[in-house]
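Taking it in order: structure first as structure tokens, then the write-up.
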Amino acid sequence: MIQLQNERDTLVFENHWIRRVITFHFGKPVQSMITRLSSGYTWTSNKDTPILSLPDFDWTNVETTYDDNIITFTSNYIVRWVISVFDNVPAIRTQLFVRALPQADNISPLEFDHLSSDPTEAIAKEPDITDRVTHTGRHIELRRVRFYDRTDRVNSLVRHEDIRLYTTEEAFEGSLFFLTDPCAAETCMIQKEAPCGDSHVNRYAPDFRASTSLFSVTGSGIDYDNITPDGFTAGYPVVIALGRAGEAENEHLARMVYASDCGGTETDSGFTPFVMSNTWGDRSQDTCISETFIKHEILRAVQIGVDIVQIDDGWQTGRTANSALTNKGRWNGGFYADNPNFWVPDPEKFPSGFGEICKFAYENNVALGLWFSPDCENEYANWQQDAQTLLGFYHTYGIRHFKLDGMRIHSKTAEKNFLRMCLHLLIESQGRISFQMDITNESRLGYFYEKELGTLFVENRYSDWGNYYPHNTLCNLWQLSHYIPAQKMLFEVLNLKRNIDRYYNEDGSPDVLAPAGYDIDFVYASVMAANPLIWCEMQHLPEEDLRKLHALAVVYRQYRDDFVEVIPMGECPNGFSLTGFYILGREHDYYIGLRELSEQNTVQIPVERILHTNDDALQTDGNNVIFSEKRKYFFALLSKSVLFERGNG
């Protein structure tokens, strides 16, 4: 352990691509120099600026120590500042952990009012600052990117703004912030790893404050009024990454940092791709679910090429508020109190438990997944019981894919207990259990917090309510995958022949963007860069649709393991675009070209071979692909890479 009590102490954190030097003044971190090593460019200032701001923390009597990657500040309460360097990308993460002194009866550093809608008021409240970057230049440009979950209520999931900064500070909300020095063509990306917007607990101010020379991340999520000696409370982490300036380069940097947290490298996405089905999209709810019904779904999964058949709400003995079989179902926790056998397979629907259905799935080389809602009663106090419930399914039946839904994470205690459950499941299964995290409603982890936990179930859309449009789903994937690896997400394919009568305009004319106007394989191709979710009862799909899905799925499954990085290309999908996805692979590069109702018909891309298309008259001369009709797609193997040079520095 090293004492940092001198007038000038320094610590260095680095890998092959980035170095951060932190200077301490009598134990207080006051200066940071962050250098991109391949260019030598440094983000710093010539004067001391405190890096951290902690409510009512007494820096005059601080004892500061350093051990491995943990800096501990001990004064009127205890703060651990953990600094971690990424292995294979130019990025460094910092995270605060706080607890009260053992002898303290009550630590009440500062009381805040609820976040005001006026950003200037929010700044005046002085929340904690969890990290800072400084700069000596005068021309820094900012792009802030804000992400939205609770997708049952919103349809634009990514919104960004470009700002010319001034000498006075402004406050911004968001998850990603790109600072660019146009004079040197250098970028510093700051990522706040926290839930989206209102799901951020103990939120007293916007996420970021910036001027031309000082950039601060605000809001750890810690309730300083209620810290205890019993254990450390974790704050939301911050990631700082460096790269070359440029829109494509910035987005590549964001995806690369994200994938690295999920085990990704330059030659490995870090994700295991899959095709999943779930019958909930046909809105039968729990009325159809039974052993016989799921067996039919498994047979269709084999016919199409689906890896996992997920059984949604309705397999269990207990009834939730989603049930169509009762109006007295439970929601928002209390499941075990309502019925100790709540999460036991319904004996009427599954007479042999899951034994027979799992045996049938195994014989057909299909995996089973289950929907599950962790018990949020008393801030997930039953997390251990939830974990044992899911481990029981894992050990007894080999079920390891769980869609987690119904979460309401409104406090740090709830967050801690929910994450305890997830971590326990991963440890006990040696990482084999996987989660599909539903982010469609309520307060949940969002896109960036604890992002190594499984995949994201991004949206519910239903033709029954007339709110499903294939171009909107494509647009959400296209926009999110600018910054988040597409393989992290599931996106849906519905039965396009249902509810045709819901898609007419007020004057009686048909909606030109209605789902029924698409080929189902076009819709599958539009989400193929992510994990396709067959969001319907497959046994009720028309035979022609089954054939089309099978033909494309066979090709997709042959090449998907080679996919490393997905890059959205072309126009932003709106139903009338020429758009697509460029896919960097280990062995080859690929392109998914999608012509919506666009008048443009040509994609300039060096094609070696068309792997699959629904355009019988598609033409290519090696450097161009020419569509013959609208609403057609192609999946192609490319002859050479045409994007920026790969690399981490």
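The values are calculated or read from the model by the stated rules, or taken from the named source; none is laboratory data. The model shown is predicted, which means the values in this text are computed figures rather than measured ones. All Cβ positions, even for glycine, are placed from backbone atoms using ideal geometry, and neighbour counts span all protein chains on display. SASA here: full protein model, heavy atoms, side chains in, ligands and nucleic acids out. Shrake-Rupley method; radii C 1.70, N 1.55, O 1.52, S 1.80 Å.
Structural remarks
- DSSP bridge pairs, the chain: antiparallel proportion in percent, nearest 5: 80 percent
- Note on surface exposure: L423, L54, L618 rank L423, L618, L54 by accessible area, highest first, 1.4 Å probe.
- Put simply, when 239-251, 186-198 are sorted by average Cβ atoms within 10 angstrom per residue, most first, you get 186-198, 239-251.
- Cα centre as origin, Lys/Arg/Asp/Glu Cβ charges: segment 426-584 dipole, Debye: 320 debye
- Accessible-area value, H550, 1.4 Å probe, nucleic acids and ligands omitted, Å²: 80 Å²
- Cα-derived Rg to Rh of segment 168-294, Kirkwood definition: 1.13
- Segment 271-286 and segment 41-67 have Cα centres separated by 49 Å.
- For segment 193-241, fraction of C-alpha pairs farther apart than 16 Å, in %: 47 percent
- Whole-angstrom Cα spans of segment 499-548 along principal axes, big to small: 37, 24, 16
- The structure-derived value of Cα extents along the principal axes in Å appears in the list [x] 76, 64, 49; [y] 93, 65, 60; [z] 101, 46, 44 under the label [x].
- Peptides 257-270, 324-337, 404-417, 474-487 ordered by packing proxy, namely the average of other Cβ atoms within 10 Å per residue, highest first: 474-487, 404-417, 257-270, 324-337.
- Percent of Cα pairs in segment 353-498 per distance bin of 10 Å, from zero to the largest separation: 10, 35, 34, 20, 1.
- The residues of segment 195-313 present an accessible area of 27 Å² per residue when probed at 1.4 Å with all protein chains retained.
- The Rg/Rh ratio for segment 312-380, using Cα coordinates for both the radius of gyration and the Kirkwood hydrodynamic radius, is 1.03.
- Phi to ³J(HN,Hα) by Karplus 6.51 cos²θ - 1.76 cosθ + 1.60 over segment 301-318, Hz, x for Gly, Pro: 4, 5, 5, 7, x, 9, 7, 10, 9, 9, 8, 7, 3, x, 7, 8, 5, x
- Against the rule of thumb 2.2 N^0.38 Å, how large the Cα Rg of segment 22-82 comes out: 1.26
- Of K451/K497; K295/K416; K412/K451; K403/K451, those spanning more than 27 Å from alpha-carbon to alpha-carbon: K451/K497; K295/K416
- Rg/Rg_globular for segment 1-47, with Rg_globular taken as 2.2 N^0.38 Å and Rg from C-alpha atoms: 1.23
- Volume per residue of the C-alpha convex hull in segment 434-485, rounded to whole Å³: 93 Å³
- Whole-number D in µm² s⁻¹ for segment 375-439, Kirkwood Cα-pair radius fed into Stokes-Einstein, 20 °C, 1.002 mPa s: 179 µm²/s
- Scattering curve values for segment 434-550, log₁₀ I(q)/I(0), Debye with Cα scatterers, q = 0.09, 0.19 Å⁻¹: -0.27, -1.04
- In terms of overall dimensions, the C-alpha atoms belonging to segment 489-606 reach 50, 35, 23 Å along their principal axes, ordered largest to smallest.
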